[in-house]
Amino acid sequence: QGLNMASARVTALVCTKPATFRELSSQRVRKVAALCASAPPASCTFGSGHAKARIGAHVAPCRINFKGSARRSHHRVMGTVSAAGNSTMYDTELAKGHEAVRLASKLCQKVQRQLSGDEKQSKTDDSPVTVADYGAQAVVAWSLQRAFPDSKLMMVAEEDSTDLQGEENKGIRGRITELVNEIIQQEDPDACYSEQEILDLIDLGNSPGGAEGRHWVLDPIDGTRGFVGGRQYAVCLGMIQDGEVVVGVLGCPNMPSALMTDEDGTAAASKGIGSKGIGMCFVAQKGGGAYKGLLADSLPTEPLQMKDTSDCTQARWMESYESRHSSHGTTAAVAEELGVCLAPLRLDSQCKYGALARGDATMYMRFPPVGYREKIWDHAAGVVIVTEAGGKVTDATGEKLNFARGRWLDLEGGGIVAACPSLHAQLVAAVAKVSK
């Protein structure tokens, strides 16, 4: 197919140490891209060093011979060479994360269609948990282990198998085992896991997180109350590298492809399960942009770019569907201070981050009860998606969210706000006035 080098800018990033990059000379990159474009996908090797070139849909692995200081310093190519000029360090992780979320979402959709009373429990804090929460966590753990067999899976996830032990929970364990095997056998027909093996998969989510290393972050069903009530919910998977969120995937099975209405936040949402145009996926990686697509399709490719505006009068704001999760009184007071005229869009789960990124609303506010500790799995995936779409997410005082503290965010600002940059500054100022 060839490559029109006159119209395409091709870059490669060379890493001398973490987070330090420089560009290869354009002449050298042109040579790499041209050779990889003309080579068969299975081979294009020359010299030393590693990279791969993506020319449109054609991806070919290649080896690059670096001369001069680059070779003497043993620089290593960390990204990909692409016709769009984007360096995408986490392509593989994003693709595998998307696959894991897609599979888990299938399980959730199946359960929500026919959720019965004996398929859910209540936690000690009175929040519900269902066979889908446990099953989705097991499916994601299985999928990530299968994708990266040579590394130990470090995953910070919401659920564990403690409440599934004992003879009284035999029925729910059996149902989870049945659901998980049904889903994974779609990918591996020979797979068949025992109850104990499923429990072991669930318990792979016990990583403490922290500022060092790589940690996947999972909320198997964010918005379980919404899930039980037939409303919006999300399967949320992020990846943290050395304390920073670098990959995010949101599977939103009940979200329409069209902009959301008030009704889409209610129990009417589940009526569209399996219908054409229902079920959205949002993905992002640090420095690589954010994208949307239908959940049933392959990796999303439609770019997301939030429009920056400072006009509060036409702003639509979002908040949690239930006031037990976020103070509706506080958000209303902030909206009034800003002069917002439109009513709020109320949704369960991190669907709100996806909706914000694609333009269903222009602001999101969350003010949980005093004493509530925010968990990293409730925000990791959504934050990187909004950020890569051009938005800004902070605590209510404007401070950046810190995902390096382990399993908890432990906010100093008492809430979380998100918007396009110009509105975000006004939003933080309004919160400060209302809080006095």
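Using the Cβ-Cβ distance between GLU399 and ASP262 with R0 = 30 Å, the FRET efficiency computed as 1/(1 + (r/R0)^6) comes to roughly 0.40.
Give me the net charge for the shell around ALA296: Cβ to Cβ below 14 angstrom, other residues only, Lys and Arg +1, Asp and Glu -1.
Numbers: positive: ARG102, LYS106, LYS110, LYS276, LYS292; negative: GLU99, ASP297.
With Lys, Arg at +1 and Asp, Glu at -1, the neighbours total +3.
Here the simple spin-label model places points 7 Å from the Cα toward Cβ, and for GLU195 and LEU294 these points are separated by 4.0 nm. For the range 251-402, the percent of C-alpha pairs falling in each 5 Å distance bin, counted from 0 to the bin holding the largest distance, reads 2, 9, 18, 22, 22, 16, 9, 3, 0.
The coefficient of translational diffusion for the range 312-435, derived via Stokes-Einstein from the alpha carbon Kirkwood radius under 4 °C and 1.567 mPa s, stands at 92 µm²/s. Of the GluC sites (Glu not before Pro) found in the range 185-217, those that fall in a DSSP loop while having at most 12 other beta-carbon atoms within 10 Å are GLU212. Rolling a 1.4 Å probe over the protein heavy atoms gives the range 312-435 an accessible area of 36 Å² per residue. Add +1 for every Lys or Arg and -1 for every Asp or Glu among the other residues with Cβ under 11 Å from the Cβ of ALA147, and state the total. Value of the local net charge: -2. Based on alpha-carbon centroids, what's the gap between the range 373-436 and the range 163-205 in Å, whole number please? The range 373-436 and the range 163-205 have Cα centres separated by 36 Å.
The aspartates and glutamates within cross-link reach of LYS271, meaning a Cα-to-Cα straight distance under 14 Å and a gap of 8 or more places when in the same chain, are GLU263. Look at the alpha carbon pairs under 8 Å that are at least 6 residues apart: their mean separation over the length of the range 139-234 gives a relative contact order of 39 percent. What you get for the range 312-435, charging only the Cβ of Lys and Arg (+1) and of Asp and Glu (-1), is a dipole of about 140 debye around the Cα centre. Normalised by the number of residues in the range 312-435, the mean separation of alpha-carbon contacts (under 8 Å, six or more apart) gives a relative contact order of 28 percent.
When Lys and Arg each count +1 and Asp and Glu each count -1, what net charge do the other residues less than 15 Å away from ALA418, Cβ to Cβ, add up to?
-1
Of the solvent-accessible surface of the range 312-435, computed with a 1.4 Å probe and all protein chains present, 51% belongs to carbon and sulfur. The trypsin sites (Lys or Arg not before Pro) of the range 236-318 that DSSP puts in a loop, and whose beta carbon has at most 13 other beta carbons within 10 Å, are LYS276, LYS307.
Over all pairs of different C-alpha atoms, the range 255-338 has a mean inverse distance whose reciprocal, the Kirkwood radius, equals 15.6 Å.
The values are calculated or read from the model by the stated rules, or taken from the named source; none is laboratory data. Fair warning: this is a prediction, and the values are worked out from it, not measured in the lab. Neighbour counts are summed over all protein chains in view; Cβ atoms, including those assigned to glycine, are modelled from backbone coordinates with ideal geometry. Ligands, DNA and RNA are stripped out before the accessible areas are found, and what is left, the full protein with its side chains, is counted by its heavy atoms. Shrake-Rupley method; radii C 1.70, N 1.55, O 1.52, S 1.80 Å.
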